[in-house]
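Chemist: Got a structure for you, written out below as structure tokens; questions coming shortly.
Each value in this text was obtained by applying a stated rule to the coordinates, not by laboratory testing. The model shown is predicted, which means the values in this text are computed figures rather than measured ones. Glycine gets a Cβ as well: all are built from the backbone with ideal geometry, and neighbour counts include every protein chain shown.
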Amino acid sequence: MAVILPPLKDRVRLPVHVLFVGINPGIRSATIGHHFAGYSNRFWKLLYESGLLPEPIGAEDDERLPDWGYGITNLVSRPTPGIDTLTREEYSAGLLVLRRKVRRWNPDLVALVGATLYRAIAGRRLPTPTPMGLQEERFEGARLFVLPNPSGRNANFSYEEMLAAFRGLGAAAHASGGGVAIERRPVGTSPRPRTLGH
């Protein structure tokens, strides 16, 4: 009998400056109830090393992301070991839900985690390779940024290229006047995010 894993909870608290969107939870993420929890996933390391976070945290701390003005959700809620079993209907239904979420939460930036996700929601043929970084189009009024998939199985990008992309996200958030300015503080102190432009 197949084990049915519960859906992952979105980590969102208004105002949301940057909303990270994944395709769908992996099995380990769904099992432990935290986002980007795969053993080889470098999402959390990249957040810190790019300067988007003032201290290193892991998947088990994902509920702290809103403290810095970030939110996190997925296009499809069903957990799978990979994306191969996701159906076109799940992508379509997930896109409708995501559009509603973005309209409701009104983030400054929507950061799509992975080129596959961008291709899934673009509604048009994209150039090859899929463009990374800040896009000209908007998504339900929010600026759109595409990040490489930080999975250790992603051989299309080096870690240095991933890090540069995450740093680019920080620069885009800063330039929007709605990003979060992070000051590095000694371990053991409580960082206070400062909203830029306010």
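Chemist: Let me have the 222 nm mean residue ellipticity of the chain computed from DSSP H runs of 4+ only, each contributing -39500 (n - 2.57), with the sum over all residues rounded to the nearest 500.
Modeler: Result for the chain, helices only: -8500 deg cm²/dmol.
Chemist: Right, next: Tell me, what HN-Hα J-couplings in whole Hz come from the Karplus equation 6.51 cos²θ - 1.76 cosθ + 1.60 at θ = phi - 60° for each residue of the range 69-85, using x for Gly and Pro?
Modeler: In residue order, the calculated couplings are x, 9, x, 8, 8, 10, 5, 10, 7, 6, x, 8, x, x, 9, 5, 8 Hz.
Chemist: Calculate I(q)/I(0) for the chain by the Debye formula, one identical point scatterer on each C-alpha and no solvent, and give its log10 at q = 0.09, 0.16, 0.19 Å⁻¹ to two decimals.
Modeler: -0.31, -1.04, -1.54
Chemist: Here's another thing I want to ask about it. GNM on the chain, C-alpha springs below 10 Å: top fluctuator among E140, E49, E89?
Modeler: E89
Chemist: Determine, from the Cβ-Cβ distance of R28 and E136 and an R0 of 41 Å, the FRET efficiency 1/(1 + (r/R0)^6), rounded to the nearest 0.05.
Modeler: So the FRET efficiency works out to roughly 0.70.
Chemist: Additional query: Using the membrane-span-like helix rule (whole DSSP H runs, Cα extent along the own axis of at least 18 Å, mean Kyte-Doolittle hydropathy at least -0.5), which helices of the chain qualify?
Modeler: Flagged H segments are 159-175.
Chemist: Shifting gears a bit: What shape does the range 1-102 take by its C-alpha gyration tensor, where a ≥ b ≥ c are the square roots of the eigenvalues and a/c under 1.5 counts as rounded, a/b above b/c as prolate, and the rest as oblate?
Modeler: The shape class here is oblate.
Chemist: Residues with amide H under 5 Å of V76's amide H, sequence separation 5 or more or different chain, H placed in the peptide plane at 1.01 Å from N; which?
Modeler: N24
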